[in-house]
Amino acid sequence: MKWKVYLFVIAVSCFMFKGKTSSSEIIKLGMLPTQRSDWGKTFEQMNSELIEKSDGTLQFQFYFGRDEKELINLLESKQIDAVSVSAAGLGQIIPEIFIFNLPLMFSTYEEFDYIRDTLTQHFSNLLDSKGFTILGWGDLGFTYPFSKEPIKTQTDLQRTKLWAWDIDPIAKAFATGSGREPVLLPIQSVLSSLSKGDIQTVYGPPLACIVYQWHTEIRYMTDLRVAVGLGATIIQKSRIETISSDNERLLKNIAKKYHEQLVVKIRRRNEESVDVLKEQGIEIISVPHQERQKWNQVAMKVQDQFIDRLYEKELLDKVKSLLEEYRRK
């Protein structure tokens, strides 16, 4: 009789264990940054809190270091549930988001935050119409030109081999408008292309310049804030609908908290990265006022170039109006 009781206890224990395992929800999330990056570390902290607060019933499974074009394809084919991408990746789904990549549009983070926050509902609606929900905004920091030779004028730029991300039409247009047709490459190919001399000038946030080791191949950073690198994490609506209401609420609250922390962290790290670059011997090149005016003229042409191609004139006018409103304050 004792052995029957023993077997019954084992069977019940196995059933209970199986039940707990099967109730665990795993959200597959992909991103370009590596696990060791600030982005990756922050998301792992977010995941730890999510597991703890949900009693192990909800967690992320990460796919780090993935190409953004590939990530969007995996997302749309529902091979993964969510992605954390830049505006260039997000623009493959909602092209209107490229308006945040327009060159020389924003002078400060405060301006950028005001526009992004004001238009959050607009872009949330666009994503919703495509079947996605936004979990939080990210941030890459201001992007600058980095080069092997000093870039101060458009003439300097025209003498160099310039890179542009192959999924970023705004960067390509800004380079072309400045008089130099860029070399289009995925971001993972930049370092090897720099080392071989296939490209000589790149752009990005100072932190990215260090993380991707571009600083080992360049000598100059041009003090021209080209754009703010917007980021966002989105998830399929159909996946959200499979999660319990309690876990959905938990997921959104925790995601919001860590995305806000990430924005602060990345901006601080970019400021620190400029000092690191200087210590590595990178020279900061100042751009004279008259040359900045020339860059601004190119930027204005780029703005008009993508009306009715990426975004409507109404949206561009709205952004400009909000900027004027903020600057008056």
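The values are calculated or read from the model by the stated rules, or taken from the named source; none is laboratory data. For clarity, every value in this text was computed on a predicted model and none was experimentally measured. Using ideal geometry, Cβ is built from the backbone for each residue, glycine included, and neighbour counts are taken over all protein chains shown.
Summary of values
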read-out	value
Given (1) within 26 Å of K161 (Cβ to Cβ); (2) crowded, with 19+ Cβ neighbours inside 10 Å, number of the condition H259 does not satisfy	(1)
In the range 73-88, the residues that are over 13 Å from the mean Cα position of the chain (by Cα) and of a type outside the set (K, R)	N73, L74, L75, E76, S77, Q79, I80, D81, A82
Qualifying residue in the range 128-138 (condition: buried (at least 22 other Cβ atoms within 10 Å of the Cβ) and hydrophobic (A, V, I, L, M, F, W, C))	yes
Test result for S24, among the hydroxyl-bearing types (S, T, Y) and either in contact (Cβ under 8 Å) with a residue 40 or more places away in the chain or under 17 Å from G138 (Cα atoms) (or both)	no
Residue check for K18: over 17 Å from the mean Cα position of the chain (by Cα), modelled with pLDDT under 95, over 21 Å from P205 (Cβ atoms) and not hydroxyl-bearing (S, T, Y)	yes
Those residues of the range 134-154 which are acidic (D, E) and either free of Cβ contacts under 8 Å to residues at least 40 places away in the same chain or farther than 17 Å from I284 by Cα (or both), in sequence order	D139
Residue in the range 112-119 that is more than 24 Å from D317 (Cβ to Cβ) and of a type in the set (S, T, N, Q) present	no
Filter result for the condition that a residue is under 29 Å from Y144 (Cα atoms) and of a type in the set (A, V, I, L, M, F, W, C), over F64, F60	F64
